[in-house]
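Laboratory data are not the source of any read-out in this text; all were calculated from the coordinates shown. Keep in mind that this is a model prediction, so the values were computed, not measured. In this analysis, Cβ positions are derived from the backbone assuming ideal geometry, glycine residues included, and neighbour counts consider all displayed protein chains.
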Amino acid sequence: MAVALTAANRHDVTQLLPLVDAVPPVAGKVGHPRQRFERTQGDRAYDSEPHRRELRRRRTQPILAKRRTPNGSGLGVYRWVVERTESWLHQNRRLKIRYERRPDIHTAFLKLGCALICHRCLKGSFC
């Protein structure tokens, strides 16, 4: 739904709220479109009470694994979708290894890769 390009040394949690805000309204049934998805899932890296509060304020339920708890939270059942999509993106040589110096060019290739994945899912080749 949304992608962002950052430096390799940036922590993922700094991009959580900007990515949530970048998702466009969800279209579908007739009437007022939903502005947010119902749930936001994340691993232990996103576990912080300020982020949970901000996600609730944005009307999305935070489902984030808690730190210092044993594995088995059940998020892995859904997390594989993210890992699978990243592997689909890495099938494109330009996205697996970054050759471009300019971030706008790499972002364009990233968005093109996402569009191709969406196209293949709608066509029935993927998903």
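Of note:
- Annotation for V30 and E86: the two label points, set 7 Å from Cα along the Cα-Cβ direction, are 4.2 nm apart.
- Interchain or long-range residues, amide H under 5 Å from I63's placed H: T40, Q41, G42
- Here is the list for region 57-127: chymotrypsin sites (Phe, Trp or Tyr not before Pro) lying in DSSP coil, each with at most 14 other C-beta atoms within 10 angstrom of its C-beta, are Y99, F126.
- Our helix-only sum for the chain, with -39,500 (n - 2.57) per DSSP H run of n ≥ 4 divided by its residues, gives a mean residue ellipticity at 222 nm of -13000 deg cm²/dmol.
- Partnerless Cys - the chain, beta-carbon criterion under 4.7 Å: C114, C118
- The chain: relative contact order in percent, alpha carbon pairs under 8 Å with at least 6 residues between: 18
- Proximal lysines relative to K96, as straight alpha-carbon distance under 27 Å, when same-chain residues fewer than 8 apart are discounted: K111, K123
- Ascending count of other beta-carbon atoms within 10 Å, so fewest first, for D43, D12: D12, D43
- Likely footprinting exposure, R67, R94, R57, fewest C-beta neighbours within 10 Å first: R57, R67, R94
- Radius 13 Å from Cβ of F126, net charge of other residues (Lys, Arg +1; Asp, Glu -1): +3
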